[in-house]
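Read-outs: derived from the displayed coordinates by stated rules, not from any lab. Computed from a predicted structure; not experimentally measured. Please note: Cβ atoms are built from the backbone with ideal geometry, for glycine as well, and neighbour counts cover all protein chains shown.
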Ligand SMILES: [Mn+2]
């Protein structure tokens, strides 16, 4: 049996002022093509289907089209809700969809849905575990009566979180699950596992590893299809994050794609990267303003149509740079300056100047040096000095 593992679609996500629906549509089409080419017997979607608990209409339409195409192709889908999804909204109509081969997680009530899949002469049990916090587990299992009455599942105050770690909560959840023995057991799960590497666009506040789950809890499963982290990575051979299908932050430059899981005679996983040039992506360009707007640079740059972070190598700000650059690069998301680095940064400023001992112009010069990694030019220092004298005089009424 062959299964295609994807996660973190974040449909409806925006990057600055730009909507990414066109890119997301192209990526979903690629998933469908890949599933057909690889003769996949099912798709595992490990959470964060949408970017928000109340997704924009366009995102819902996009996912609806994906589901319809999958049913036309006869490829079953197994999906869970992630921390960005509303578990209630995601599970809407799920019992009806079951008949069409679309299997979606339910709101956690102490039990985890398990769906049987017979394909390729094999039997698999797919367990659909939605994203959970310890507070949800305590409430569902009646471990904490104080929290049990709260109806709203999102943003519950985790005041008593210390009374149960994520690992302890997940241990409770797993201990309630039944793993049939007449087939392989596959778990879909949207959690942060101990030792995994985070990315910028996950937007999950990081405080130590309290919210991390120990992978050893999942040793009873033949394969664990993880979502939540946006970088494709393996925790063990058979416990993997597929990562998001596209970068959502400029620091995310590692390859994006999906994992093909072949269960025939043991579990074998292959990472299938999204082909380069399939859709617009995120890129960083750097250079002087004159270089970046020059025709020769633009003609040789493969990223003109991509979402851009531009690093201007200028020591002084260029007026209206964003507006001017946006004329030649239609998707500038971020603009920052990169100053020519000083030959010896330590020579430029005292690393820890005692501000009490410094004159106002020395404070300014030190701040300038830190910001620009180069010393304040003498002419500018004179100007500051003159300004400070004028202002000082004015303030003192001289
Ligand atoms: Mn995510």
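Provide the FRET efficiency to the nearest 0.05 for the residue 276-residue 394 pair, computing r from the beta carbons and using R0 = 45 Å. Once the sixth-power term is evaluated, E becomes 0.15.
Here the residues 177, 322, 164, ranked from fewest to most Cβ neighbours within 10 Å of their Cβ, fall in the order 322, 177, 164. A simple spin-label model places the labels of residue 29 and residue 181 4.9 nm from each other, with each point 7 Å out along Cα-to-Cβ. Modelled spin labels at residue 327 and residue 358, positioned 7 Å past Cα toward Cβ, are 3.9 nm from each other.
Extension gain for the segment residue 300 to residue 197, taken as residue separation times 0.36 nm less the Cα-Cα distance, is 33.7 nm to one decimal. Between residue 67 and residue 14, full extension at 0.36 nm per residue minus the direct alpha carbon distance yields a gain of 16.9 nm. Annotation: the residues 53, 175, sorted from fewest to most other C-beta atoms within 10 Å of their own C-beta, follow the order 175, 53.
Spacing of the modelled spin labels on residue 60 and residue 89, each 7 Å from Cα toward Cβ, amounts to 0.8 nm. One decimal place: the segment residue 318-residue 291 gains 8.4 nm when fully extended, by the rule 0.36 nm per residue minus the C-alpha distance. Each of 274, 112 was scored by other Cβ atoms within 10 Å of its Cβ. Arranged with the fewest first, they read 274, 112.
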